[in-house]
1. Within region 38-51, can you find the residues that are under 18 Å from residue 93 (Cα atoms) and either touching an Asp or Glu at 6+ places or on another chain (Cβ under 7 Å) or not aromatic (Phe, Trp, Tyr) (or both)?
2. Are any of the residues in region 84-93 surrounded by 17 or more Cβ atoms within 10 Å (Cβ to Cβ), at pLDDT 90 or above and not in a helix (DSSP H, G or I)?
3. Which count do you get for residues in region 33-59 that are at pLDDT 80 or above, part of a helix (DSSP H, G or I) and farther than 18 Å from residue 87 by Cβ?
Amino acid sequence: MNKRARILVVVCALCAAGVAGGQGMILDMVANKVIGKYQSASCEQLWQQKGEPKSQEEQRAVQFLRDDPQARTAFINKVAGPIVNKMFECGMIP
């Protein structure tokens, strides 16, 4: 399982367990790890990961973010800029 999937699974599990009060801190921590992963990854690594199927855990984490609009908004607001910039640098988006 890749790091991104593990991070998203942790967020999903903790939030599902009722860690509502600390959800913001957890999402920030996970977002920072995801940002770090993208910033430290080479373009080649990102291209390889793009073609890989999502693990079961990653699919559940994504479903959690789909089901919780506030968590999704907070997560995307934090990671969008750095990830899109890296994808642009790597030619993954026009």
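1. Within region 38-51, 39, 41, 42, 43, 44, 45, 46, 48, 49, 50, 51 meet the criteria.
2. Yes, there is a match, as at least one residue in region 84-93 is surrounded by 17 or more Cβ atoms within 10 Å (Cβ to Cβ), at pLDDT 90 or above and not in a helix (DSSP H, G or I).
3. Within region 33-59, residues that are at pLDDT 80 or above, part of a helix (DSSP H, G or I) and farther than 18 Å from residue 87 by Cβ number 2.
The values are calculated or read from the model by the stated rules, or taken from the named source; none is laboratory data. All figures in this text were calculated on a predicted structure; none of them were measured in a lab. Glycine gets a Cβ as well: all are built from the backbone with ideal geometry, and neighbour counts include every protein chain shown.
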